[in-house]
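Below you'll find the structure, written out as structure tokens, and then a few comments.
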């Protein structure tokens, strides 16, 4: 079984902080945490997310078996390229970015000799952000997608799989492209719809906003700094998912405009059966 | 204070059944329930939603102080026109329909002398349906919108207000047009988006569907027989709400396609502030 001596987490937000807490609680390794902000490092230390915190990237990664990049998506490739030269040969680099195509393309080749990378994305989180929202059981029962390529060795994959299984996640594998297409539909499109709905409807005209509106727009509370990044970096998969959505939207719109109740009822019934088939628990 | 001797509920589904339970539990009146289905009448009786159940509409409404129409939206006007002639002079007729323009226009005038109507819509429910999903506290703390017009007497309004306050609802008043416009945005548009999303995304490709997808599509489990009716009868307000949504959708789409992160982040930030301002409790 893979054992880690020292894991370094770069970026101590909700995901990085929660991962540190989970590793420490399960005693999987000693956790070194990096943030550019000394205040964040102090908070991470105080809440038990890391054993050692540093604001110097070189010191953070030197000697680690495994380095986990938990920065915003668009910082992952440049940060990884910068820090890889300071990692010890044989160490593994991974990330938690919500889109995978660009990250994997940027890190699959060209890292220093002896440094291996494989992408990962734990499908969890919350509309809250930052180290103060971190929780040690965030990954328990969650799915974590690994996105190996032809470059990925089985040793590298086993290391990163061991980390995520170790913190309680169910690990699956997909190609980066399949990951991005799947998440475009099941996560990015719902977020985009929630933002559009929250922006265009004035829900304050009633003393209590209907539960349907609150539920469908809850994820519009998510961090805009995270989501502009996800929408843009995954636009190659998101725009086609938007096209498919628009096709159905226009079809239903035409049925409503023409008062074609029977065809409309059939369409709604199909959608309901698809939704009923999903596991809600 | 308004007292009722006998309230007749026409239609014993989720709303009609729950209303009967709430009236009986609070001892507001004797409840007569009508359904065309003898099996539904029996179930309503068995679960304590009604005191007396009948399958004969004339017998159901004769002698009632208040008749509440809780049928599907498109059955309300024809059913009301049919039964009003059997009501006793001085009795009040109301409904629980989810769209109000057509119903109020159809019943505001032309009822027999001595029979007064005012529209109502309790903003509650669930994605479940039928008498078996009925619950006596469905209206506790819910908002109920009454839609009086220039034809509505203060006595009629007071009667229907007393009913809904009596079962624990917060009563507000709007014009039928204002009601339909408000609900188009805060309820009908979210339902339509949920149906479109559930229909166009295959969420079964992951071992666990992301919570964001489950939340935004939960209301696609709603009854298609109810919602084809709501979408079509409220199309005059729903189509303009769809236009406004589409405008924002196209704007964000263009920003994503052009990778304009700063404008995209500002737009998402505005939507988030609007959503954060709503009361979630």
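The values are calculated or read from the model by the stated rules, or taken from the named source; none is laboratory data. Model, not experiment: these values are computed from the prediction. Glycine also receives a Cβ, built like all others from the backbone with ideal geometry; neighbour counts cover every protein chain displayed.
Structure above, values below:
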item	result
Subset of the stretch B:206-231 [in contact (Cβ under 8 Å) with a residue 24 or more places away in the chain and either surrounded by 24 or more Cβ atoms within 10 Å (Cβ to Cβ) or touching a helix residue (DSSP H, G or I) at 6+ places or on another chain (Cβ under 7 Å) (or both)]	B:218, B:219, B:220, B:221, B:222, B:225, B:227, B:229, B:230, B:231
Failed criterion for residue A:152 (all others in (1) assigned to a loop (DSSP other than H, G, I, E, B); (2) at the interface with chain B (Cβ under 7 Å from one of its Cβ atoms); (3) modelled with pLDDT of 95 or more hold)	(2)
Residue, farthest from the other protein chains (Cβ to nearest Cβ), within the stretch A:173-213, restricted to residues that are assigned to a helix (DSSP H, G or I) and more than 23 Å from residue A:248 (Cβ to Cβ)	A:176
Qualifying residue in the stretch A:15-25 (condition: in contact with a helix residue (DSSP H, G or I) (Cβ under 6 Å, 6 or more places away or on another chain) and assigned to a loop (DSSP other than H, G, I, E, B))	no
Of the criteria (1) facing chain A (nearest Cβ under 7 Å); (2) closer than 19 Å to residue B:181 by Cα, which one residue B:240 fails	(1)
Options B:271, B:241: the member that is surrounded by 21 or more Cβ atoms within 10 Å (Cβ to Cβ), in a helix (DSSP H, G or I) and without any contact (Cβ under 8 Å) to a residue 12 or more places away in the chain	B:271
Residue within the stretch A:151-162 that is in contact with a strand residue (DSSP E or B) (Cβ under 9 Å, 6 or more places away or on another chain) and under 24 Å from residue A:239 (Cβ atoms) present	no
Members of the stretch A:214-226 found to be more than 14 Å from the chain's Cα centre (by Cα) and either more than 7 Å from every other protein chain (Cβ to nearest Cβ) or on the phi > 0 side of the Ramachandran plot (or both), listed by number	none
Index of the failed condition, residue B:12 passing every other in (1) part of a loop (DSSP other than H, G, I, E, B); (2) touching a strand residue (DSSP E or B) at 6+ places or on another chain (Cβ under 6 Å); (3) free of Cβ contacts under 8 Å to residues at least 40 places away in the same chain	(3)
Selection status of residue A:179, closer than 30 Å to residue A:105 by Cα, touching a strand residue (DSSP E or B) at 6+ places or on another chain (Cβ under 8 Å) and crowded, with 24+ Cβ neighbours inside 10 Å	yes
Qualifying residue in the stretch B:77-98 (condition: within 14 Å of another protein chain (Cβ to nearest Cβ), crowded, with 21+ Cβ neighbours inside 10 Å and not in a helix (DSSP H, G or I))	yes
So residue B:266, is it outside the structural domain of residue B:99 (by TED's automatic domain parsing), over 30 Å from residue B:98 (Cβ atoms) and modelled with pLDDT of 95 or more	yes
Failed item in (1) out of contact with any strand residue (DSSP E or B) (no Cβ under 8 Å at 6 or more places or on another chain); (2) in a loop (DSSP other than H, G, I, E, B); (3) closer than 22 Å to residue B:229 by Cα, with residue B:71 passing the rest	(1)
Residue A:23 being crowded, with 24+ Cβ neighbours inside 10 Å and either over 21 Å from residue A:147 (Cα atoms) or not assigned by TED's automatic domain parsing to the domain that holds residue A:126 (or both)	yes
Conditions (1) closer than 30 Å to residue A:53 by Cα; (2) surrounded by fewer than 24 Cβ atoms within 10 Å (Cβ to Cβ); number of the one not met by residue A:203	(1)
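One line per residue, one yes/no per condition, for (1) within 18 Å of the chain's Cα centre (by Cα); (2) in the same structural domain as residue A:102 (by TED's automatic domain parsing):
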site	(1), (2)
A:159	no, yes
A:164	yes, yes
A:167	yes, yes
A:186	yes, no
A:192	yes, no
A:196	no, no
A:202	no, no
A:207	no, no
A:212	no, no
